[in-house]
Amino acid sequence: MTLPPVQDKVRELCGDGTTSMKEVVERLTVICEKPINLIEYNESWGSLTAFKAEFEDRINVYFPPQKSQQYKLHCIYHELGHIYLESLQVALALPDLSGEMLRETADAISITCRSVPNHPVERWVEDFAFEMSKKTRSRSSSDLDPFL
Amino acid sequence: MKLLLFGLLSALCLLRIPSVVKVAESRASWVASIFGLAALYVLGTVTPLEDIDRYLGGINVTNLLQAVFALLAIFFFNDSVRRLANVPIVRWTYYAPLLSIPIMVASFSLIQDKAPTAADFIDTRMDQLATAVYSGIYMLALLFTVLRIIYMLRHKAKGLYATFSAGLLVVAAAVSCHITYVVLFYFSPWDALARDIGAWFDRLFYVGLSVTAAGWLILFLSKQLPRLHLWMIDALWLTALRMRVRADRSRVSPAWDLFNETLENGVYKSLIVLHNYERVNLMDFPDSVQGRISHIEAKLDART
């Protein structure tokens, strides 16, 4: 499985400057031609940190309540990475979901989730989430000063 | 003055190695400082000029090398400024200074009686057309590039960046003196006046370059020291925690992230890895550890 370079794809999606999660969701909505809903889901999550379910008319990204805002955003960006990668026609890793989650997503046409395995696709979307975090932490852009 | 410049450039080269590994955009300016060091080295700043030139045939090839290295240094410095000022590459202005190198090599080879090794190699052979072309083309290429850099920096020339422009203006004045010297000496009868004007080159050139390099070093330290102060302890603590709890599959990953990322990005990555570790193992860190992690996250949130 050959995956495209993460940084190139992030640049294609968001350009060279800074961005926000709202902008990324809007751009992915255009690419996927479906609304993307971010849903905080207060159930038993076990070791899962987030998952994405695609329906005929929408894509839902579910995530648990988190004390850490950075980690919550990272987990959401990870799922947005799956959505983006899927739009690039790349095969995905299959998730393991609890019965509750399967019931919730009974009429979904595909599902991916973030369970931190060492799979190439999971590594790609994790790198995607990391790159997105750099682009949303706006003041770190001074790192690009070619003299420093 | 040459030794001071060599020291400033050496400090910049060493201090910027981590930044060059992490940020591709900063590589051109680092390569510029390497060529600057090479140019100063072949001038005999560290090893005696005679010793270096003897290995190269004893016919002042060091003078040619110094000119080529200096041109390459200023070329890559120009490229950094171009990136800083977001100026697109315009081919003829971008590559034109490099075209001077083959002309310099050809005219250098035509200079008669190149031996023995001498620091005043140019001055003692200025009666030859080949020397005038060699030295004149070198200085014109330098002047063209330096003026172009000053022009690109015109909107950035505030605060510490202003020292770049100030230093480069002095370099431009020095180079102009040398061009005037070449023209007057070869094409007019006023040799003494030409030499007087030419004598200002050495006085101004290395002062200008030293001001530019000092400004660069001050800019670098003023940006890096607060960042080091803000994140270094947190980065080391999080890396140590990742290693202690074995949060990574690979034992080298925590150290690699510390080296391969900026400190702030390294801190972020460590936080994510530690949260993943808690999730996968369905556990929470003790309150003291959790408290410190929350404190670091609050710092990171404040920058988002």
Total residues in segment B:88-137, condition at pLDDT below 90, within 22 Å of B:Val42 (Cβ to Cβ) and part of a loop (DSSP other than H, G, I, E, B): 11
Condition broken by B:Leu204, with the remaining ones in (1) open to solvent by less than 20 Å² (accessible area, probe 1.4 Å); (2) under 22 Å from B:Ala73 (Cβ atoms) satisfied: (1)
Meets criteria (out of contact with any Lys or Arg (no Cβ under 6 Å at 6 or more places or on another chain), assigned by TED's automatic domain parsing to the domain that holds B:Gly36 and open to solvent by 60 Å² or more (accessible area, probe 1.4 Å)) for B:Ile233: no
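Let's see how each residue does on (1) farther than 28 Å from B:Val21 by Cβ; (2) more than 11 Å from chain A (Cβ to nearest Cβ); (3) touching a strand residue (DSSP E or B) at 6+ places or on another chain (Cβ under 9 Å):
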| site | (1), (2), (3) |
| --- | --- |
| B:Ala199 | yes, yes, no |
| B:Leu228 | no, yes, no |
| B:Ala255 | no, yes, no |
| B:Leu258 | no, yes, no |
| B:Val267 | no, no, no |
| B:His275 | no, no, no |
| B:Leu282 | yes, no, no |
| B:Ser288 | yes, yes, no |
Condition check for B:Leu43: under 21 Å from B:Val171 (Cβ atoms) and out of contact with any helix residue (DSSP H, G or I) (no Cβ under 8 Å at 6 or more places or on another chain): no
Only one of A:Leu13, A:Leu38, A:Leu28 that is under 19 Å from A:Leu73 (Cβ atoms), at pLDDT below 90 and of a type in the set (A, V, I, L, M): A:Leu13
Considering residues of segment A:110-148 that are away from chain B (no Cβ under 14 Å) and modelled with pLDDT under 70 only, the residue farthest from the chain's Cα centre (by Cα): A:Ser110
Qualifying residue in segment B:63-81 (condition: among the hydroxyl-bearing types (Ser, Thr, Tyr), more than 18 Å from B:Lys156 (Cβ to Cβ) and in a helix (DSSP H, G or I)): no
Residues of segment B:83-130 satisfying the condition of being in contact with a Lys or Arg (Cβ under 9 Å, 6 or more places away or on another chain), buried (at least 18 other Cβ atoms within 10 Å of the Cβ) and closer than 30 Å to B:Leu153 by Cβ: B:Leu84, B:Pro97
Only listed residue being in contact (Cβ under 8 Å) with a residue 60 or more places away in the chain, of a type in the set (S, T, N, Q) and either surrounded by fewer than 16 Cβ atoms within 10 Å (Cβ to Cβ) or more than 22 Å from A:Ala50 (Cα to Cα) (or both), chosen from B:Ser288, B:Ser250, B:Ser210: B:Ser210
Members of segment B:4-44 found to be away from every other protein chain (no Cβ under 14 Å), over 16 Å from the mean Cα position of the chain (by Cα) and farther than 14 Å from B:Ala73 by Cβ, listed by number: B:Gly44
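The values are calculated or read from the model by the stated rules, or taken from the named source; none is laboratory data. Bear in mind that the values here come from a model prediction, so they are computed numbers and not experimental data. Cβ: placed from backbone, ideal geometry, glycine included. Neighbour counts: every protein chain shown. With ligands, DNA and RNA removed, areas are computed over all heavy atoms of the protein, side chains included. Shrake-Rupley method; radii C 1.70, N 1.55, O 1.52, S 1.80 Å.
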